[in-house]
Amino acid sequence: MFHVIIDSLVHTIESFLGRWKCSLCKKTFTSYPEYALPYKRYVKDHCLSFSQAYVKDDTETYRSVSSAIGYTTRTQEIDNRMLAWSTVWRWLRFFGSLKYTLRNAFDLIRQADPNSPVFRQMFPIYHGKYKSKQRKTSLDQSIQLFSAEPEYHRIFGHSFFPELATKSGWS
């Protein structure tokens, strides 16, 4: 089951995941649909958009990014299904952990278009968004991933989620 946000309300959809087991190595593999991320309840587009909103805007906080979810647009009454503010940080930590996916995406972009502007971009992170070096590194890698995604899509015509990320071992 996956959660989709429509008109500021969280809706649940059901989907099948393909799983198979290798008879040689005995490992199990899961094939995710285009809109899904592993171990995430919300669909990829929402995870990316909320995470990008937090990282790219200096004034945004975890709470402000997720505060509009769970309210009806007309009456502003609260609904039981809300997005916890800590969920945005967990998404950012996940995106920041995709070091090999980011490296592979940059390598493919460099091979296809060595003059791509993505290699000349600066990625400043507001100093109030982190207190530790580990969190700063995670935010830095996340914002690089967010800038590589549209460039990869421009060049290859599709997202590097889930295909390239799966080939990179979701790491």
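Couplings 3J(HN,Hα) for region 60-67, derived from phi with the Karplus relation 6.51 cos²θ - 1.76 cosθ + 1.60 (θ = phi - 60°), are 6, 10, 4, 5, 5, 5, 9, 5 Hz, where x marks Gly and Pro.
The orientation-averaged shadow of the Cα convex hull for the chain, equal to a quarter of the hull surface, comes to 12.1 nm². Taking amide H as placed 1.01 Å from N in the peptide plane, the amide H of Tyr42 sits under 5 Å from that of His3, each at least 5 places away or on another chain. For region 2-167, a simple Cβ point-charge model (Lys and Arg +1, Asp and Glu -1, everything else neutral) yields a dipole of about 880 debye relative to the Cα centre. Taking other Cβ atoms within 10 Å as a rough exposure proxy, Lys44, Lys167, Lys26, Lys56 sort from fewest to most as Lys26, Lys167, Lys56, Lys44.
Taking other C-beta atoms within 10 Å as the exposure proxy, Thr59, Thr30 rank Thr59, Thr30 from fewest upward. Any idea which of Leu92, His46, Trp20 is furthest toward the positive side of the dipole for the chain, if Lys and Arg beta-carbons carry +1 and Asp and Glu beta-carbons -1? About the Cα centre, the residue reaching furthest to the positive side is Trp20. For the chain, what is the percent of antiparallel DSSP beta bridges, rounded to the nearest 5? DSSP beta bridges in the chain are roughly 90 percent antiparallel.
Every number here is computed from the coordinates shown, using simple stated rules; none is lab data. Being a predicted model, the structure only gives us computed values, none of them experimental. So basically every Cβ, Gly included, is an ideal-geometry build from the backbone, and we count neighbours across all protein chains shown.
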